[in-house]
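Visitor: Have a look at the structure that comes next, please.
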Amino acid sequence: MKFIVLPGGSLQGEVVVAGDKSISHRAVILGAISQGVTTISNFLSSEDCLHTVSVCRALGVQIEQHEDQLRIEGVGLHGLCAPSQPLDFGNAGTGIRLVCGLLAGQNFSTTLQGDASLNQRPMRRVVNPLRQMGAQISGQQPNNSEEIFPPLVISPVRHLTGIEYALPVPSAQIKSCLLLAGLYANGSTTIIETKKSRDHSERMLAQFGAHIETTDRTVKLTSTELTACHVDIPNDISSAAFFLVGAAMHIGSHILLKNVGINPTRMGVVHILRKMGAKIEIKNVKNTPEPTADIEVKGTQLIGIEVPQEWVVDAIDEFPILFVAASCAKGTTVFKGLHELRVKESDRIAAMSEGLKKLGVVLEIFADGLMIQGSTILGGELESFGDHRVAMALTMASLFASAPIVINNCDPIKTSFPQFRKIANTLGLQIEEKAFEEL
Ligand code: S3P
């Protein structure tokens with residue numbers, strides 16, 4: 001499926017984006033292994049999160065779904081059963097890395113695999129520390145490469161042993177994987193970060209009654225049974241970001257994003273936009289285990305900046321759309337310290353720079369970032385590189401384009417934000433969807 005996006009328009013109105021992807025994955029996993037019935041509201045029914053639901057069902061957990069409400073009959077820490085076939089995570093890096101930690105300490109074997117893109121994502125970052133905990137895991141190492149890729153095969157072990165582990169890259173996926181493994185470990189598991197990554201796992205583990213202690217840079221967990229609870233998921237700031245940035249960079253746009261998660265470890269996009277001159281107001285803040293708020297944005301002319309590297313982790317999924325903001329800003333914006341973008345659903349530095357260059361944007365590529373000059377945006381036919389966030393980010397460039405933008409292969413948008421096109425059109429974009437053969 002491809003998008004054909006007409007140029008111009010503005011964003012106006014109130015927006016309710018869907019539930020947070022990171023929190024939805026975690027709620028299903030913790031609900032599955034807790035004791036009692038967990039209920040979840042505002043669950044994100046995207047392909048990625050639905051794969052986590054299917055995987056938990058394949059592990060013997062009963063899960064009922066009615067629209068965005070889930071009811072999970074938790075089986076307790078030691079109640080999961082051996083699945084009858086390999087577990088399929090689709091495109092979901094978060095799903096496979098978190099569940100890898102969950103399954104590392106089980107007394108049955110499992111195989112974890114994904115689609116062609118996920119099977120090229122690096123897994124050594126979780127396999128190595130899990131092996132240090134005593135897990136028996138192997139993966140694919142083509143041509144004896146040091147990197148390890150899915151499918152991952154986990155063999156049964158009697159138990160794991162807690163470790164103290166300093167994360168080599170700030171990553172909530174690695175941290176969460178090790179915390180889940182820590183639930184099956186003797187002794188405590190301590191994780192040390194150089195920069196605190198998103199802390200949804202820590203907050204939710206505490207909500208489920210885990211023994212967990214956190215400081216600014218460390219998390220320590222000691223195993224205990226978890227107790228079922230109700231999880232109300234905030235709307236996803238990473239989905240809201242496409243409209244937040246779109247409205248912020250466009251004079252005449254004015255939107256209100258309702259009930260968005262504003263966890264401080266996810267607020268990088270707001271800090272960066274404000275430094276670029278954006279007019280953003282945070283209203284109606286509520287602090288229930290995850291803080292939420294309404295975010296009002298009025299469009300203005302953004303200005304180029306040097307993006308402080310301290311905000312990179314807090315904005316890690318928002319760089320594709322921030323690259324678009326830089327392309328429409330006045331002056332030059334420099335992004336550095338973005339090595340991790342090279343190993344997301346696509347190489348996001350390469351994918352976005354190819355798309356933006358085709359739209360006439362002047363930029364320079366570094367190993368760890370981009371320098372982007374505010375430019376006149378043309379139309380053109382672009383590729384998503386199979387990456388949902390690249391597809392959605394390039395769509396938003398149409399606000400400034402002088403001719404239609406066609407984006408090939410927009411199907412992956414379903415992995416995180418199935419309602420994207422509908423909401424974008426309601427706000428004022430003109431996106432038409434076409435199958436390949438129709439053109
Ligand atoms: C996520 C963590 C981030 C982010 C991903 C979701 C999570 O990945 O990019 O989309 O839910 O823990 P890393 O932990 O690899 O940075």
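Visitor: Can you tell me which residue is farthest from the ligand (Cβ to nearest atom) among those in the range 175-186 that are touching a strand residue (DSSP E or B) at 6+ places or on another chain (Cβ under 8 Å) and not aromatic (F, W, Y)?
Guide: Looking at residues that are touching a strand residue (DSSP E or B) at 6+ places or on another chain (Cβ under 8 Å) and not aromatic (F, W, Y), I get N186.
For (1) more than 16 Å from the ligand (Cβ to nearest atom); (2) in a loop (DSSP other than H, G, I, E, B); (3) without any contact (Cβ under 8 Å) to a residue 12 or more places away in the chain; (4) farther than 30 Å from E290 by Cα, each residue gets a yes or a no:
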{"site": "N143", "(1), (2), (3), (4)": "yes, no, yes, yes"}
{"site": "V169", "(1), (2), (3), (4)": "no, yes, no, no"}
{"site": "I191", "(1), (2), (3), (4)": "no, no, no, no"}
{"site": "K195", "(1), (2), (3), (4)": "no, yes, no, no"}
{"site": "R203", "(1), (2), (3), (4)": "no, no, no, no"}
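Visitor: State the number of residues belonging to the range 354-412 that are under 24 Å from G428 (Cβ atoms), assigned to a loop (DSSP other than H, G, I, E, B) and in contact (Cβ under 8 Å) with a residue 40 or more places away in the chain.
Guide: Here the count works out to 10.
Conditions tested, residue by residue: (1) under 18 Å from the mean Cα position of the chain (by Cα); (2) crowded, with 24+ Cβ neighbours inside 10 Å.
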| site | (1), (2) |
| --- | --- |
| G182 | no, yes |
| T189 | no, yes |
| H211 | no, no |
| R217 | no, no |
| K220 | no, no |
| C229 | no, no |
| N263 | yes, no |
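Visitor: Checking A397 against (1) of a type in the set (A, V, I, L, M); (2) touching a Pro at 6+ places or on another chain (Cβ under 9 Å); (3) buried (at least 24 other Cβ atoms within 10 Å of the Cβ), which test does it fail?
Guide: Every listed condition holds for A397 apart from (2).
Visitor: While we're here: Just checking, how many residues over the range 297-349 are small (G, A, S), more than 16 Å from the ligand (Cβ to nearest atom) and surrounded by fewer than 17 Cβ atoms within 10 Å (Cβ to Cβ)?
Guide: Selection size over the range 297-349: 1.
Visitor: Counting only residues that are among the aromatic types (F, W, Y) and assigned to a helix (DSSP H, G or I), which one in the range 413-437 is nearest to F400 (Cα to Cα)?
Guide: Looking at the filtered set, the residue picked out is F420.
Visitor: Quick one: A27 ticks every box in (1) assigned by TED's automatic domain parsing to the domain that holds F420; (2) in contact with a strand residue (DSSP E or B) (Cβ under 8 Å, 6 or more places away or on another chain) except a single one, so which number is it?
Guide: Every listed condition holds for A27 apart from (1).
Visitor: Related question: List the number of the failed condition for Q136; all other conditions in (1) out of contact with any Pro (no Cβ under 7 Å at 6 or more places or on another chain); (2) within 20 Å of L80 (Cα to Cα); (3) in contact (Cβ under 8 Å) with a residue 24 or more places away in the chain hold.
Guide: Failed condition: (3).
Visitor: In the range 167-180, what residues are over 17 Å from T222 (Cα atoms) and either at pLDDT 95 or above or more than 18 Å from the chain's Cα centre (by Cα) (or both)?
Guide: L167, P168, S171, A172, Q173, I174
Visitor: Does at least one position in the range 311-323 carry a residue that is in a loop (DSSP other than H, G, I, E, B), of a type in the set (D, E) and in contact with a Ser or Thr (Cβ under 7 Å, 6 or more places away or on another chain)?
Guide: yes
Visitor: Among L382, L363, which is the only one that is closer than 15 Å to P7 by Cβ and either away from the ligand (no atom under 16 Å from the Cβ) or assigned by TED's automatic domain parsing to the domain that holds G90 (or both)?
Guide: Step by step, each of L382, L363 is checked, and only L382 is closer than 15 Å to P7 by Cβ and either away from the ligand (no atom under 16 Å from the Cβ) or assigned by TED's automatic domain parsing to the domain that holds G90 (or both).
Visitor: List every residue pair whose Cβ atoms lie under 8 Å apart, where the two residues are 6 or more positions apart in sequence or sit on different chains, the first residue falls within the range 12-24 and is within 16 Å of the ligand (Cβ to nearest atom), and the second residue, located anywhere, is of a type in the set (F, W, Y).
Guide: Every condition considered, the pairs that remain are V17/F243; V17/F417; A18/F417; G19/F43; S24/F43.
Visitor: Do any strands (runs of 3 or more DSSP E) entirely within the range 1-71 hold 1 or more residues that are hydroxyl-bearing (S, T, Y), and if so, which?
Guide: Passing ranges, in order: 34-41.
The values are calculated or read from the model by the stated rules, or taken from the named source; none is laboratory data. Since the structure is predicted, the reported quantities are computational estimates derived from the model, not experimental observations. Every residue, glycine among them, receives a Cβ derived from its backbone with ideal geometry; neighbour counts consider all protein chains shown.
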